[in-house]
1. Could you tell me the distance between the Cα centroids of region 110-155 and region 50-90, to the nearest Å?
2. Measure nothing fancy, just the Cα-based angle from helix 61-71's long axis to the longest principal axis of the chain, in degrees from 0 to 90, nearest 10.
3. Under the Karplus relation 6.51 cos²θ - 1.76 cosθ + 1.60, θ = phi - 60°, what is the ordered set of whole-Hz ³J(HN,Hα) values for region 14-23, x standing for Gly and Pro?
4. So, in nm, how far is label S49 from label S24 when the simple model puts each one 7 Å beyond its Cα toward the Cβ?
5. With angles folded into 0 to 90 degrees, how steeply does helix 50-59 sit against the dominant principal axis of the chain? Use alpha carbons for both and round to 10.
6. Among the listed pairs K5/K93; K53/K75; K75/K133, give every one whose C-alpha distance is greater than 18 Å.
7. Based only on other Cβ atoms within 10 Å, what is the fewest-to-most ordering of M1, M63?
8. Compute the Cα gyration tensor for region 56-162, then decide on rounded, prolate or oblate, letting a ≥ b ≥ c be the square roots of its eigenvalues: rounded whenever a/c is under 1.5, prolate when a/b is larger than b/c in the other cases, and oblate in all that remain.
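Please treat every number below as a calculation from the coordinates, not as lab data. A quick note: this is a predicted structure, and the numbers were derived from the prediction, not measured. Using ideal geometry, Cβ is built from the backbone for each residue, glycine included, and neighbour counts are taken over all protein chains shown.
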Amino acid sequence: MATIKVRNSGTEITDETAVRDFLSAQEIYYEHWDVSTIPAHLQDRFDLSDGDKETILSSLAPMIDRLASSRGYVKWDLIALSASTPGIDELLKKFEQVHTHTEDEVRAIAAGSGTFIIKGQGDTGYFDVRLAKGDVISVPEYNPHFFTLTEERQVVAVRLFVDPAGWVAHPFADPSFAAAL
């Protein structure tokens, strides 16, 4: 299950109900999928062929289809990042810049873990949402955020999009982010 750390207060939220309530109050969609439907030989693997990715997507199809039809997503793919990913450090630098999108940024974690750093509403400031296997999150359009890997440095995630063009980031300069570090 996801956990949250609010940067300006140091508050940590680990209780499932409290995590859901906090994210809901921030207008962030969250749910948890049963990813045991992924074939055993592909679970917790991070070096995946295109065929492996298609197999994982097919095994998650009922959950993807339900989410896509309820929230208007028209395209999805699967990303796998790990130490063996060519240029991983440069790729993470690209991700690790506060930005926004003109649509929700959706991730469903199929293996490994990752963290979204999200600008909260009002006085909340930035907070970290650490996602584990099965966690699904949708950061609303125009909400400043970024995604990075945890110390585990490996993740497999389904990405869902409204726009068939896929992931397009718009840089967001925010002096309050530097203060939150």
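1. 17 Å
2. Computed tilt is about 40 degrees.
3. Residue by residue, region 14-23 yields 10, 6, 3, 5, 5, 4, 4, 5, 4, 5 Hz.
4. Each label point lies 7 Å from its Cα, and together they span 4.4 nm.
5. 80 degrees
6. Details: K5/K93 22 Å; K53/K75 15 Å; K75/K133 21 Å.
Over 18 Å apart, Cα to Cα: K5/K93; K75/K133.
7. Lowest count first: M1, M63.
8. Numbers: a/c = 1.69, a/b = 1.07, b/c = 1.59.
Oblate is the answer for region 56-162, as a/c is 1.5 or above yet b/c matches or exceeds a/b.
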